[in-house]
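S.K.: Can you read through this structure? Questions will come right after.
The values are calculated or read from the model by the stated rules, or taken from the named source; none is laboratory data. From a predicted model like this one, the values you see are computed outputs, not experimental measurements. No Cβ is skipped: glycine too gets one built from the backbone with ideal geometry, and neighbour counts run over all protein chains shown.
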Amino acid sequence: MSARTDLCSAILALLVERGETVATAESLTGGLLCGALVDVPGASGAVLGGIVAYAAQAKVSLLGVDGGLIAVRGTVDAEVAQQMASGVRRRLDATWGVSTTGVAGPDAVDGKPAGTVFIAVSGSSGVRVEALQLDGGRSDVRQATIDAGLSLLLATLEEQSAASGG
C-alpha cells in the first residue's frame with residue numbers, strides 16, 4: 001500500500017469507529033482529495049461527498065464563502081480556506097469538513113506565487129488552517145496538497161481522540 005492509502009485508511013478507520021463523517025471542499029485539487037479517500041474500500045462508511053468549487057462564484061454560491069472577503073483578499077487565503085471547510089461541513093451535514101485552495105501554477109494568482117496553498121479542517125470545536133509554500137510543477141503542488149490535507153485531517157482526529165481520552 002502507498003503512504004497515501006495508509007493515511008486514508010487510518011482516517012477512515014477513526015471516523016467509522018467514532019461514527020463520524022467527512023466532506024471535502026476543493027479548489028486547486030479539483031476533487032482529488034475526496035477521490036483519494038473513496039479509493040479505500042469501506043469509504044462509504046464515513047465519506048459523505050465533496051464539492052469542487054474552482055471558481056470564486058462557486059465558492060460563494062456552493063460553500064457560503066463571503067464574497068466580500070474574496071473581493072478583498074482573493075480566493076487563495078487562510079480565511080477563505082476556513083470558510084470553505086465550514087461551508088462544506090454545513091452543506092453536507094458532516095462531522096468534519098476539509099478544504100483546499102491555492103495556486104498550482106505555473107502563474108501567480110491574486111499576487112500569490114505558484115505553490116501558495118491553504119488547507120483547513122473544520123469540526124465542532126473550530127477550524128484549523130495550515131499555510132503551505134510548495135515546490136514543483138502544477139501536478140506536484142496538487143499532489144502535495146492532497147497529502148497535506150489528509151495529514152492535517154488525521155492529526156486533528158488523533159488530537160481530538162487524545163484530548164477526549166479515547
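S.K.: What do you reckon, is Gly74 without any contact (Cβ under 8 Å) to a residue 40 or more places away in the chain and in contact with an Asp or Glu (Cβ under 6 Å, 6 or more places away or on another chain)?
M.R.: yes
S.K.: Can you tell me which residue in the stretch 61-78 is surrounded by the most Cβ atoms within 10 Å (Cβ to Cβ), limited to those that are of a type outside the set (A, V, I, L, M) and touching a helix residue (DSSP H, G or I) at 6+ places or on another chain (Cβ under 6 Å)?
M.R.: Thr75
S.K.: Looking only at the stretch 125-155, how many residues end up being part of a loop (DSSP other than H, G, I, E, B) and either at pLDDT 95 or above or of a type in the set (A, V, I, L, M, F, W, C) (or both)?
M.R.: So the answer is 4.
S.K.: Being among the aliphatic types (A, V, I, L, M), in contact (Cβ under 8 Å) with a residue 40 or more places away in the chain and out of contact with any Asp or Glu (no Cβ under 9 Å at 6 or more places or on another chain) is the filter here; which residues of the stretch 38-71 pass it?
M.R.: Within the stretch 38-71, none qualify.
S.K.: Can you tell me which of (1) closer than 18 Å to Glu20 by Cα; (2) not in a strand (DSSP E or B) is the one Ala120 doesn't meet?
M.R.: Only one criterion is unmet by Ala120, namely (2).
S.K.: Is it the case that some residue within the stretch 42-62 is in contact with a strand residue (DSSP E or B) (Cβ under 7 Å, 6 or more places away or on another chain) and of a type outside the set (A, V, I, L, M)?
M.R.: yes
S.K.: How many residues, within the stretch 15-36, are under 27 Å from Asp77 (Cβ atoms) and touching a residue at least 60 places away in the same chain (Cβ under 8 Å)?
M.R.: Of the residues in that region, 13 qualify.
S.K.: Being hydrophobic (A, V, I, L, M, F, W, C) and more than 16 Å from Ser99 (Cα to Cα) is true for just one of Leu48, Leu12. Which residue is that?
M.R.: Leu12
Listed here are the residues, each with its yes/no results for (1) under 13 Å from the mean Cα position of the chain (by Cα); (2) more than 17 Å from Thr21 (Cα to Cα); (3) not aromatic (Phe, Trp, Tyr).
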{"residue": "Asp66", "(1), (2), (3)": "no, yes, yes"}
{"residue": "Ala71", "(1), (2), (3)": "no, yes, yes"}
{"residue": "Val80", "(1), (2), (3)": "yes, yes, yes"}
{"residue": "Met84", "(1), (2), (3)": "yes, no, yes"}
{"residue": "Val98", "(1), (2), (3)": "yes, no, yes"}
{"residue": "Leu134", "(1), (2), (3)": "no, yes, yes"}
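S.K.: Just checking, which of Ala43, Ala25, Ala36 is buried (at least 17 other Cβ atoms within 10 Å of the Cβ), of a type outside the set (Val, Ile, Thr) and farther than 21 Å from Asp6 by Cβ?
M.R.: Ala25
S.K.: A follow-up question, please. If Val103 satisfies all but one of (1) surrounded by fewer than 17 Cβ atoms within 10 Å (Cβ to Cβ); (2) of a type outside the set (Gly, Ala, Ser); (3) in contact with a Leu (Cβ under 8 Å, 6 or more places away or on another chain), what's the number of the condition it fails?
M.R.: (1)
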